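What follows is a set of notes on a single structure, which appears directly below.
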């Protein structure tokens, strides 16, 4: 039962890497700080001193369990930074600081862990945010946590929490949604989920399908700087676009109407979804945001989005309309075939371990 | 490979509980919010709106992988709240808000998860802090993550991050440590690690050995309100007291001298450590803090500590002295037998999965 793990394999994580002793300290100093170090993180105190923060503070957290750890277009490290940065961005906040909690399974290749740390550093630099505090724990290997090259390969789970600040006086709020509001998305649906799935299932369209995981904060800043004040923003990750549209219907108490023909989706993604048997509306996205604005903000929003690298394929996909008195708040889709169907929040998870 | 997990077992966590769909939403509304809900958490937005924070902001994170999930005196939920609250307290900050990231293994009994949520709620109330944002992921069962009653039992890993605030103008800082400083601990050593170990190994002294895991923020507040400004505070968790003493020696660049006879340790803990073959100095503690003060603050500090329920057995255990020129900064212990020995930071982990 007791795994002492007090000798270090040169190549792989052992229990002692998480033991709070000399090996852990040496590993942090030689592998983590050269990649992520900064004046706040590097003293390795119990927490990070951020000083006085200007504006309203927003706080969020997300854990990442994606399998496999690397996929076309990204890896768990990039996902962990972007996921939390984007939650802050969706609240209208600029990211100020991230925490990094890693739970490592013994047997993980140290080289792979270094690659993930590099990826965290690159994504954090891209988003203009620093990792300021962290924690590492090691758990015993009991059958790899991820799809692995060999049975002895250990896995990695990551939690990031983030602090952001927002200038007082404005916040997106679902309660303000009302008939007439226009629903916009910044680009193609379902790419992330299908890219992860394609490598997991070995389906071989991995050469063209890539995760679009990206930090959205500069994109949201561009929208705000254009003077547009979204009424609601949400990144359609787990639960997909369907989940967010149902959220909008429930929050407004009205009907959400979407047009299937207006949904941006690549031919490759459409074919992959058909092959795998998934509805693109319920597949998890990364680097995407659903933005709801008042009708007269829709045209300037689309123009602003399309001027940004993350919004080239931005499109109006639907609107909030008065619900018929006899109906509950629902999402109705006008299908390309000319019919209508109700879009529902998925019950559970069509694609587990996708983020 | 693909676990759809779209049907819910009444008793246990299934993959769909983490899928971002209806089942997850229903579970959060019926199990999480009744226990942890508050005006910030309950809207279930992408993050928590904390408003403008007064004072300097401190940010910290910790993951918890303790096995088993419940132990005499506590469980993973109480540990997860106290660990992060205490990291903030050690930085001199009052806890403002916690995040809760849960990674659940399918097969975990929902009743046990409810108990852990109850425990989180109770510990948060004790510490006077709220969980304001959270995330839940479910991973496949691959041999339980913890010592389990039956093979199908799933495990639970928790990350908490915390935000605290501190009034400007004072912060404990290891760099200020200097010869003459006095080192104090608030109570008995090694109880947490040995209590967890005793149930894990089935050693049967579980009736008397209990984890002392507790939030230390009211204790630290009492010290600050007494006008004492510690030069350094640290909770001796992983790495034990030995790790913290070596930190003090390294930060000051001087010698740390401790007296074995002065170390508070119960007879039961001493016997348990002997039986298990552990050095009580390297066993993880909870609800304990090492406080270093200038010499003239030592007597008022001990008096203040002993007046608080968490400091009844507070004791001066050592001091910082000038190091001999030929020696590196080390920790020297005057043993009860009249000898001297060097105390070293443990290399790895004597007791894995203890927090």
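The values are calculated or read from the model by the stated rules, or taken from the named source; none is laboratory data. Everything quoted here is computed from the prediction, not taken from an experiment. When we count neighbours, we look across all protein chains shown, and the Cβ atoms used for this are built from the backbone with ideal geometry, even at glycine.
Conditions first: (1) in contact (Cβ under 8 Å) with a residue 40 or more places away in the chain; (2) away from every other protein chain (no Cβ under 14 Å); (3) out of contact with any helix residue (DSSP H, G or I) (no Cβ under 9 Å at 6 or more places or on another chain); (4) over 19 Å from residue B:185 (Cβ atoms). Residue B:326 passes all but one, so which condition is the exception?
(1)
Determine whether residue B:118 is in a helix (DSSP H, G or I) and farther than 28 Å from residue A:48 by Cβ.
yes
Identify the single condition in (1) surrounded by fewer than 23 Cβ atoms within 10 Å (Cβ to Cβ); (2) within 14 Å of chain B (Cβ to nearest Cβ); (3) more than 16 Å from residue A:302 (Cα to Cα) that residue A:198 does not satisfy, given that it satisfies every other one.
The failed condition is (1).
Of all residues in the range A:54-75 being surrounded by fewer than 21 Cβ atoms within 10 Å (Cβ to Cβ) and in a loop (DSSP other than H, G, I, E, B), which is nearest to the other protein chains (Cβ to nearest Cβ)?
The qualifying residue nearest to the other protein chains (Cβ to nearest Cβ) is A:55.
Hey, could you check the range A:32-43 for residues that are more than 9 Å from chain B (Cβ to nearest Cβ) and free of Cβ contacts under 8 Å to residues at least 24 places away in the same chain and say which is nearest to residue A:167 (Cα to Cα)?
A:39
Which condition from (1) crowded, with 22+ Cβ neighbours inside 10 Å; (2) part of a helix (DSSP H, G or I); (3) free of Cβ contacts under 8 Å to residues at least 40 places away in the same chain is the one that residue B:135 breaks?
(2)
Just to be sure, is residue B:48 within 7 Å of chain A (Cβ to nearest Cβ) and under 30 Å from residue A:277 (Cβ atoms)?
No.
Filter the range A:152-175 for residues that are more than 11 Å from chain B (Cβ to nearest Cβ) and either at positive phi or at pLDDT below 95 (or both) and give the result.
Within the range A:152-175, A:152, A:153, A:154, A:169, A:170 meet the criteria.
Can you tell me how many residues in the range A:138-182 are within 30 Å of residue A:107 (Cβ to Cβ) and part of a loop (DSSP other than H, G, I, E, B)?
Final tally of qualifying residues: 16.
Name the residue that is farthest from the other protein chains (Cβ to nearest Cβ), counting only residues in the range A:77-101 that are more than 14 Å from residue A:59 (Cβ to Cβ) and not in a helix (DSSP H, G or I).
Step by step, filter the range A:77-101, then rank; the result is A:100.
Out of (1) without any contact (Cβ under 8 Å) to a residue 60 or more places away in the chain; (2) on the phi > 0 side of the Ramachandran plot; (3) in contact with a helix residue (DSSP H, G or I) (Cβ under 9 Å, 6 or more places away or on another chain), what's the single condition that is false for residue B:92?
Every condition holds for residue B:92 apart from (1).
Can you pull out every residue in the range A:102-119 that is touching a residue at least 60 places away in the same chain (Cβ under 8 Å) and within 14 Å of chain B (Cβ to nearest Cβ)?
Those that are touching a residue at least 60 places away in the same chain (Cβ under 8 Å) and within 14 Å of chain B (Cβ to nearest Cβ): A:104, A:105, A:106, A:107.
Is at least one residue of the range A:20-27 within 7 Å of another protein chain (Cβ to nearest Cβ), farther than 21 Å from residue B:92 by Cβ and either modelled with pLDDT of 95 or more or not in a loop (DSSP other than H, G, I, E, B) (or both)?
Among the residues of the range A:20-27, at least one is within 7 Å of another protein chain (Cβ to nearest Cβ), farther than 21 Å from residue B:92 by Cβ and either modelled with pLDDT of 95 or more or not in a loop (DSSP other than H, G, I, E, B) (or both), which makes the answer yes.
Out of the residues in the range A:217-239 that are assigned to a loop (DSSP other than H, G, I, E, B) and touching a helix residue (DSSP H, G or I) at 6+ places or on another chain (Cβ under 6 Å), state the one that is farthest from residue A:175 (Cα to Cα).
A:226
Within the group A:210, A:142, which residue is closer than 27 Å to residue A:113 by Cβ, within 9 Å of chain B (Cβ to nearest Cβ) and surrounded by fewer than 21 Cβ atoms within 10 Å (Cβ to Cβ)?
Answer to the check: A:142.
Quick check on the range B:51-60. Is at least one of its residues more than 30 Å from residue B:200 (Cβ to Cβ) and without any contact (Cβ under 8 Å) to a residue 40 or more places away in the chain?
Yes, there is a match, as at least one residue in the range B:51-60 is more than 30 Å from residue B:200 (Cβ to Cβ) and without any contact (Cβ under 8 Å) to a residue 40 or more places away in the chain.
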